[in-house]
Amino acid sequence: GAFGAASLGLPLGTNPVGAVQTGDASQWTRTDANKITLTDETTAPVINDDSAVISDDYWIWDTWPLRHRDGSIVKINGWQIVFSLTASKDLVPGARHNEAMIRYFYSRNGHDWQEGGEAFENPLGHHQWAGSAMYDENEDQIYHFYTATSPEPEFRQRLALGKGATLETNSQSVELTGEQEHVIMAEADGDLYQTLEQSREQGIVYAFRDPWYFQHPETGEDLIVFEGNTPTGGDSPDDPESYNGNVGVMQATNEELTEWELLPPNLEAIEVNQQLERPHYVFNNGRWYLFVLSHEFTFAPGLSGPDALYGFVSDSLYGDYEPLNESGLVIANPEAAPFQAYSWLAMPQGDNILVESFENFRGLDDTSQGEISLDEVGSLPAEEQKELFGGTLAPSLKVQLEGTETRIVSELNDGHFLPSGGSDGGGNGSNR
Ligand code: FRU
């Protein structure tokens, strides 16, 4: 690698040659978060209810496309493939997390998605949470990075890899085939990344999940960012230090991508927010745009912010991340439908981004007007809970990127599209 210990004059062993140079984590500060305001540029339009249901049988939420090593979206014989967390529609929405299973869907036009099947035969974990999927066309195999999660109420999370699957396509369908092998890539170490045990006193939620694979755009090194927590010793939900979300980083130490080394987080939200979910990058003209999701309920005491896509920009992996639009806010749900969508994923499209997400809870609004709050949903009769939940892909949003500023340009009409730049066979390099 270009940043080996020798070239930096560091004592050998502290930063082995081939390892990326690490640095201090940037901070999402209370001052930044205090600037969160919903503007025309950062507020999504209210979703119309008639958008297409992708599956009759399954709730669909967190979704990620199959990408090439270089990050561009795979298109094979005209098909795009996405993987989603899914669970039976027999379940009430709140019960889905504990039964999440990754399934795949494929489409030629980004609108009509057909159901493929299960992504894995014998995955690790009681259930599986979000991840990312990379197709290596030379090896003709998929590397599927995911979260192996243990059952409720524990929700222990480990970062896992399933590899070996490939795709068979014809004019009618796409099929995942091939023997898969599953390995654990990483577990929380208690030092850089808080363990479940360390988080118990905090009394809120805990994260070590959502591995998102990418190649270092300059050196080609294999890296993953994920959602973690920094051990801070926070000991109650009232303690600001209990809000300790970070973006974790790890680097592959073998070519098979089965062995990884945990590196320090590169972004922290200590005393700001407990969850920096599904971190992912968009690279644009030497800029590293780092996106995360977060919830209203995970902001630290004294701060408030919407369920939204938040973003930061830097010139390198461990550079100085600046919050986009000063506060970090990129796409907020509108005040009239504050929980309408979640789990946004930004993908490069030309010089801008296209952002997909799923439809979450609609109709939860102003409790002062007699409407119910998110907390009350779980106590409604099952059918009413299901009525309120989308559980399908939301219309994608186009967002313009301009340095440290962003602007929502449009909602795609009746579409859940991914960027269309993908090419058959080799990667097209997207917009690096
Ligand atoms: C975001 C998320 C992910 C996790 C999944 C669990 O929507 O919290 O971090 O993988 O949902 O359902």
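Coordinate-derived values only; no laboratory data. What you are looking at is a predicted structure, and each value in this text was computed from that prediction instead of being measured. Every residue, glycine among them, receives a Cβ derived from its backbone with ideal geometry; neighbour counts consider all protein chains shown.
So if I average 1/r over every pair of distinct C-alpha atoms in the chain and take the inverse, what Kirkwood radius in Å does that give?
Kirkwood radius, the chain: 21.8 Å.
Under the 0.36 nm per residue contour assumption, what length would be gained going from the current alpha-carbon distance of Glu405 and Val53 to full extension?
Working it through step by step, the gained length comes to 123.4 nm.
With r as the distance between the Cβ atoms of Glu168 and Asn285 and R0 = 45 Å, compute the FRET efficiency 1/(1 + (r/R0)^6) and round to 0.05.
Here the calculated transfer efficiency is 0.75.
Which one, Ser242, Pro348, Val272, is farthest towards the positive end of the dipole of the chain when Lys and Arg carry +1 and Asp and Glu -1 on their Cβ?
Pro348
In whole Hz, what ³J(HN,Hα) sequence does segment 351-358 give by Karplus (6.51, -1.76, 1.60; θ = phi - 60°), x for Gly and Pro?
8, 10, 10, 10, 10, 9, 7, 10
So what are the radius of gyration and Dmax for the Cα set of segment 229-330, in Å?
Values for segment 229-330 (Cα only, Rg and Dmax): 14.6, 46 Å.
Could you give the dipole magnitude of segment 215-264 about its Cα centre, charging the beta-carbon of Lys and Arg +1 and that of Asp and Glu -1, in debye to the nearest 20?
For segment 215-264, the charge dipole is close to 80 debye.
Modelled label-to-label distance, His97 and Asp238, 7 Å Cα→beta-carbon offset: nm?
Distance between the two pseudo-spin positions: 2.4 nm.
Would you kindly state how much longer the chain becomes between Glu326 and Thr219 on full extension, computed as 0.36 nm times their sequence separation minus their alpha carbon distance, in nm to one decimal?
Residue separation times 0.36 nm, minus the Cα-Cα distance, leaves 35.5 nm.
For Asn266, list long-range residues whose amide hydrogen, built 1.01 Å from N in the peptide plane, is under 5 Å from its own amide hydrogen.
Here the answer is Val247, Val249, since their amide H atoms fall under 5 Å of that of Asn266.
Asp351 label point, 7 Å along Cα→Cβ, cut-off 14 Å on backbone N: hits in segment 286-325?
Backbone N within reach: 286-287.
Could you tell me the center-to-center distance, by alpha carbons, between segment 295-347 and segment 201-254 in angstrom?
Comparing the Cα centres of segment 295-347 and segment 201-254, I get a distance of 16 Å.
Mind running the shape call on segment 18-156? Use the C-alpha gyration tensor, a ≥ b ≥ c as the square roots of the eigenvalues: rounded below 1.5 for a/c, prolate if a/b tops b/c, oblate otherwise.
It comes out rounded by the Cα gyration axes.
Under a Cβ-only charge scheme (Lys and Arg +1, Asp and Glu -1), can you give me the dipole magnitude of the chain about the Cα centre, in debye to the nearest 20?
720
What is the mean projected area of the alpha carbon convex hull for segment 290-380, to one decimal in square nanometres?
With every direction weighted equally, the projected area is 7.7 nm².
Between Thr39 and Asn413, with labels modelled 7 Å along Cα→Cβ, what's the label distance in nm to one decimal, could you check?
2.9
Answer with one residue from Gly94, Gly117, Ser171: the one whose Cα lies farthest towards the positive end of the charge dipole of segment 90-188, charges on Cβ with Lys, Arg +1 and Asp, Glu -1.
Result: Gly94.
Please compute the length gained on full extension between Phe297 and His126, using 0.36 nm multiplied by the number of residues separating them and subtracting their Cα-Cα distance.
Extra length available between Phe297 and His126 comes to 59.0 nm.
7 Å from Cα along Cα→Cβ at both Ala382 and Ala336: what's the point-to-point distance in nm?
Distance between label points: 3.4 nm.
Could you tell me what % of all Cα pairs in segment 169-226 have separations over 16 Å?
67
Which one of Gly162, Met185, Ser199 has its Cα pushed farthest toward the positive end of the charge dipole of segment 150-228, where Lys and Arg give +1 and Asp and Glu give -1 at the Cβ?
Ser199
Using a simple charge model, +1 on the beta-carbon of Lys and Arg, -1 on the beta-carbon of Asp and Glu, nothing else, what dipole does segment 220-314 show about its Cα centre, in debye to the nearest 20?
With Lys and Arg at +1 and Asp and Glu at -1, about 420 debye.
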